[in-house]
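See below for the structure under consideration.
The values are calculated or read from the model by the stated rules, or taken from the named source; none is laboratory data. Because the structure is a prediction, the values reported are computed rather than measured. We place every Cβ from the backbone using ideal geometry, glycine too, and count neighbours over all the protein chains shown. Heads up: the accessible areas ignore ligands, DNA and RNA and are worked out on the full protein's heavy atoms, side chains in. Shrake-Rupley method; radii C 1.70, N 1.55, O 1.52, S 1.80 Å.
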Amino acid sequence: DAILIGASTVRIEDYGPPRPVEAARARRAARGLAPVPGMVVVTATAQLQPAARLFTDPSWRPMVLVPQDADPTRLEALRLVSDVVTVGRGRVELPAALRQLRRSGVRWLLCEGGPTLNAELLSDGLVDELFLTVAPQLVGATRRRIVHGELRGGPWVLELVELREHASELLLRYRLVRAGRSHLR
């Protein structure tokens, strides 16, 4: 139903609106989904540029989740180009935000990160599955990877649900379980 993404990732990767190809739109429609998923951006500071690529398509509006005490001037600018939802104080309270998304009709949510948002979702116990791609490239560790920050409630055990190969990449789908609850131990 929607893609969840952190504001830093929006800025760093210059995110734009989702543009699924026609075959993907048809698959989504066959599953009872909207042809194009919604986009939900999480930001504790409302430091997003209304002129950024994500906000420039007048036929499509992302949702922005911000704390109630975010800068009012920034919020007003964001309201012109997105649907702003306030939840929490000082930070976006993710459990409350996801409950609000559920009430608005979002049943399936895909988080594309970044690493800090991933850590917060995992720590709050809000992740059911992890999709991991192993690509045939070696890179240095100069940037943050999949999780950054304290990981409360761990360690997590991953149970492999599905494995696919595509163009020399391994596409891994894992179910997350709490330590001690896995049948693998």
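Taking 12 Å as the cut-off, the amide N atoms of the stretch 3-17 that come nearer than this to a point 7 Å along the Cα-to-beta-carbon line of residue 56 belong to 14-17. Label separation (residue 129 vs residue 169): 1.7 nm, computed from points 7 Å beyond Cα along the C-beta direction. Rolling a 1.4 angstrom probe over the stretch 1-47 with all protein chains present gives an accessible area of which 54% lies on carbon and sulfur atoms. Once Lys and Arg get +1 and Asp and Glu get -1 on their Cβ, which of 132, 174, 155 lies farthest toward the positive end of the dipole of the stretch 37-185? Comparing the listed Cα positions along the dipole, 155 ranks first. In the chain, taking the dipole from charged Cβ atoms about the Cα centre, the farthest positive-side position among 58, 100, 15 is held by 100. Using just its DSSP H runs of length 4 or more, each adding -39500 (n - 2.57), the chain gives a mean residue ellipticity at 222 nm of -6500 deg cm²/dmol after division by all residues. Taking all Cα pairs closer than 8 Å and separated by 6 or more residues, the relative contact order of the stretch 1-44 comes to 60 percent. Computed from phi, the 3J(HN,Hα) profile of the stretch 31-45 under the Karplus parametrisation 6.51, -1.76, 1.60 (θ = phi - 60°) reads 8, x, 9, 5, x, 10, x, x, 10, 10, 9, 9, 9, 7, 10 Hz, with x in place of Gly and Pro.
The modelled label-to-label distance between residue 33 and residue 150, using points 7 Å beyond Cα along the C-beta direction, is 3.4 nm. The P(r) of the stretch 1-141 has a tail past 27 Å containing 21 percent of all C-alpha pairs.
Looking at the chain, the DSSP beta bridges with both ends there are about 50 percent antiparallel.
Taking every protein chain into account, the accessible area of the chain amounts to 62 square angstrom per residue (probe 1.4 Å).
Dipole size of the chain about its Cα centre, with +1 on Lys/Arg Cβ and -1 on Asp/Glu Cβ: approximately 340 debye, rounded to the nearest 20.
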